[in-house]
1. From 399, 395, 418, which residue is surrounded by fewer than 19 Cβ atoms within 10 Å (Cβ to Cβ) and farther than 18 Å from residue 379 by Cα?
2. If you scan the stretch 277-308, which residues turn out to be outside any helix (DSSP H, G or I) and either at positive phi or surrounded by fewer than 20 Cβ atoms within 10 Å (Cβ to Cβ) (or both)?
3. For residue 61, only one of the following conditions fails: (1) of a type outside the set (Phe, Trp, Tyr); (2) touching a Phe, Trp or Tyr at 6+ places or on another chain (Cβ under 7 Å); (3) surrounded by fewer than 16 Cβ atoms within 10 Å (Cβ to Cβ); (4) free of Cβ contacts under 8 Å to residues at least 40 places away in the same chain. What is its number?
4. Counting only residues that are among the β-branched types (Val, Ile, Thr) and in contact with a helix residue (DSSP H, G or I) (Cβ under 7 Å, 6 or more places away or on another chain), which one in the stretch 420-435 is nearest to residue 190 (Cα to Cα)?
5. Checking residue 347 against (1) farther than 30 Å from residue 172 by Cβ; (2) within 19 Å of the chain's Cα centre (by Cα); (3) not aliphatic (A, V, I, L, M), only one condition comes out false. Which one?
6. Which members of the stretch 282-315 meet the condition of being within 23 Å of residue 353 (Cα to Cα), of a type outside the set (Val, Ile, Thr) and touching a His at 6+ places or on another chain (Cβ under 9 Å)?
7. Return the total of residues in the stretch 32-70 being over 22 Å from residue 99 (Cα atoms) and either among the aromatic types (Phe, Trp, Tyr) or not in a helix (DSSP H, G or I) (or both).
Amino acid sequence: MKRFSKILLPILLILVGFVYLQYPRLNIISGYSAKNMCSCMFEADRTQEFVTATDNNFSPINIAKYEVDTVRKRVTSSVFGLMKRTAVYQEDIGCKLLLKNDEVPDISYAPVPHNCPDEAPFPYGNEEQKDSIFLSIDYAKLQQAVSNTFDKEGVDSLKTRSLLVIYKNQIITEKYIKGFDKNSKILGWSMAKSVLATLFGVLERQGKIDLNSTHLFPEWENDERKNISLRAMLQMNSGLKWEENYDKISDVTKMLFLDKDMSQMQLHKPLEFEINKHWNYSSGTSNLLSAYLRKQFPNHEVYLDFPIKELFDKIGMSSMIIETDLSGNYVASSYAWATTRDWAKLGLLYLNRGNWNGEQLLNESWVDYVKKPTESSNGTYGAHFWVDKDKTYTDIPNDLYFMDGYQGQRVFIIPSKDLVVVRMGLSDIDFNKMLQEIIESIR
């Protein structure tokens, strides 16, 4: 018995020490795991077992335990029974992470249903495209490039879930791992920022916004923040203070997992740098821009309907949703879901200079704006799109620009090669090598 006590006591001390040190983080761990489990199950139609084994299987999220209510579509997560957090699903606006487990969220309104054309072949509808054989493509070499992007049997390091390549508006190759197909919704994470930029581009085309607008929020009127322009916000060049660190309790983790209104934290941050002189990547800025977008409409209903009516349905993105926070703002920093094919359609809109099947949805100048390197970003960032003027992608044409999300979500646009490449997965890979091999297959 004494021997057992001697063994048990150190274990208990280690456990107590762990809980003491990690307790402030448990809120984030429980919050992330509940929200992601809820969205993966009820938005993406995955099983609890699958999500636990794949989407939520990394440290420290993998220590969470779940209670799933499939009838009410709620997920409660906890760590060692502590810090329970609950997420609840609503059709068309996804899962909300509650601040209190007994909270009843305001779900009085949802956006209009999608109304996309289906009768035309991809990309202008959802029917299969007509077969096209390009004599300039070495298809064997292309298939090898695709194969190199996926894990082989017994290997689990690349974690690619889907890869789609479009050349001259035609899908030339498409592959999915087991359990995923062309109808599977996948979270784009920060690729949602590029969706947000596109919504502003639609408004600009309609003559409803001006990039040079300042005095964006009443809360900024009594200090220098009143001089921050919409242009600077989209370029992450506002000078506002923000900490984007997912490895600890920071501005971004508090915003995503502890805030009812995700626009408020960045709204109340002071200037830390001179406007347009310091680039700082900020998910808070994106969610503040989402709140600014909301201000452009007469009511909440019109704001929620706008992306669907004026963008998603226009280009046939029938699967796309952006989840909202508890205050009803689109979480435009992080929570956009769509099929791989629908993510590709957004890339095609930009490849075609804002024109979709004869309708100009974006000004061509907007396309140039989002891919122009922002001052002080060292050639890496445009306006809620990433660019490659510093040549991280050493073997890829210099006109490459792309959407970028956590765990290796990418939509690459290469105008000089007439290419859109979409890769979705659970980890970063050697994207330079992947793109190089794809390009080399096209003579």
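1. 418 is the lone residue from the list that is surrounded by fewer than 19 Cβ atoms within 10 Å (Cβ to Cβ) and farther than 18 Å from residue 379 by Cα.
2. Within the stretch 277-308, 277, 278, 280, 281, 295, 296, 297, 298, 299 qualify.
3. Among (1) of a type outside the set (Phe, Trp, Tyr); (2) touching a Phe, Trp or Tyr at 6+ places or on another chain (Cβ under 7 Å); (3) surrounded by fewer than 16 Cβ atoms within 10 Å (Cβ to Cβ); (4) free of Cβ contacts under 8 Å to residues at least 40 places away in the same chain, the lone unmet condition for residue 61 is (3).
4. 422
5. With (1) farther than 30 Å from residue 172 by Cβ; (2) within 19 Å of the chain's Cα centre (by Cα); (3) not aliphatic (A, V, I, L, M) applied to residue 347, the lone miss is (1).
6. Within the stretch 282-315, 312, 313 qualify.
7. Within the stretch 32-70, residues that are over 22 Å from residue 99 (Cα atoms) and either among the aromatic types (Phe, Trp, Tyr) or not in a helix (DSSP H, G or I) (or both) number 10.
Yes or no, residue by residue, for (1) closer than 30 Å to residue 31 by Cα; (2) in contact with a helix residue (DSSP H, G or I) (Cβ under 6 Å, 6 or more places away or on another chain); (3) assigned to a strand (DSSP E or B); (4) without any contact (Cβ under 8 Å) to a residue 24 or more places away in the chain:
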position: 327; (1), (2), (3), (4): yes, no, no, no
position: 347; (1), (2), (3), (4): no, no, no, no
position: 368; (1), (2), (3), (4): no, no, no, yes
position: 391; (1), (2), (3), (4): no, no, no, yes
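The values are calculated or read from the model by the stated rules, or taken from the named source; none is laboratory data. Everything numeric here is computed off the predicted structure, so don't read it as measured data. Because the Cβ atoms are built from the backbone with ideal geometry, glycine has one as well, and the counts that use them run over all protein chains shown.
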